[in-house]
Amino acid sequence: MRTIDIGRGYIAMVDDEDYDLVSKLPWHPHVQGNLVYAVRSLWRVNTLMHRLLLPDAGEHIDHIDGNGLNNCRSNLRSCSPSQNIRNSRKIKIGTSKFKGVHFYKKYQSWQSYIHTPERLFLGYFRTEIEAALAYNFAAVHYFGEFARLNDVHV
């Protein structure tokens with residue numbers, strides 16, 4: 001694995017065999033939500049580094065580890081839009097630090113839910129961790145290899 005400085009303190013990673021292709025091009029960071037991608041701009045056309053490496057991958061390319069700067073081929077896979085969303089990180093807003101969990105004031109308990117694509121209620125829980133574990137169990141069941149699990153230390 002090799003690294004490429006893309007500016008503003010960001011470093012992209014690529015496989016050794018791809019380094020010569022991408023290292024000669026000018027790259028800059030592109031922040032999209034809570035992810036950062038390596039992008040090059042030419043004549044008002046933006047090209048994502050992972051798209052350059054897998055041009056025939058289909059509509060979407062998923063970064064398995066959730067790091068948009070890890071463009072090693074073992075970390076990239078073709079996916080559908082819904083699979084890409086299933087492997088996304090938690091949005092930083094809300095009452096919980098865990099994906100699929102929020103505090104329900106009316107019952108003074110933690111609620112867990114998952115979108116499959118409709119929102120499925122998983123239950124009320126005494127602790128935030130119990131609710132996060134319920135989400136993890138459902139995510140594995142419904143999303144399989146594309147499940148982005150909560151990092152719960154019990």
Pairs, first more than 27 Å from Arg77 (Cβ to Cβ) and loosely packed, with under 12 Cβ neighbours inside 10 Å in the range 88-102, second of a type in the set (Asp, Glu) and at pLDDT below 90, C-beta under 8 Å, six or more apart: none
Matching entry among Ser78, Ser109 (being without any contact (Cβ under 8 Å) to a residue 24 or more places away in the chain and not aromatic (Phe, Trp, Tyr)): Ser109
Asn136 vs. criteria in contact with a strand residue (DSSP E or B) (Cβ under 7 Å, 6 or more places away or on another chain), buried (at least 19 other Cβ atoms within 10 Å of the Cβ) and more than 30 Å from Lys24 (Cα to Cα): no
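Let's see how each residue does on (1) within 30 Å of Val14 (Cα to Cα); (2) modelled with pLDDT under 95; (3) assigned by TED's automatic domain parsing to the domain that holds Pro29:
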{"residue": "Gly58", "(1), (2), (3)": "yes, yes, yes"}
{"residue": "His63", "(1), (2), (3)": "yes, no, yes"}
{"residue": "Leu69", "(1), (2), (3)": "yes, no, yes"}
{"residue": "Arg73", "(1), (2), (3)": "yes, no, yes"}
{"residue": "Ser96", "(1), (2), (3)": "no, no, no"}
{"residue": "Tyr113", "(1), (2), (3)": "no, no, no"}
{"residue": "Pro117", "(1), (2), (3)": "no, yes, no"}
Any hit, the range 19-33, residues being acidic (Asp, Glu) and closer than 30 Å to Phe143 by Cα: no
Number of positions in the range 9-37 that are more than 27 Å from Ile85 (Cβ to Cβ) and in contact with a strand residue (DSSP E or B) (Cβ under 7 Å, 6 or more places away or on another chain): 5
Pairs where the first residue, in the range 50-66, is in contact (Cβ under 8 Å) with a residue 40 or more places away in the chain and the second is surrounded by 16 or more Cβ atoms within 10 Å (Cβ to Cβ) and in a helix (DSSP H, G or I), C-beta under 6 Å, 6+ apart: Asp62/Asn84
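The values are calculated or read from the model by the stated rules, or taken from the named source; none is laboratory data. All of these numbers come straight from a predicted model, not from anything done at the bench. Every residue, glycine as well, gets a Cβ built from its backbone with ideal geometry; the counts of neighbours run over all protein chains shown.
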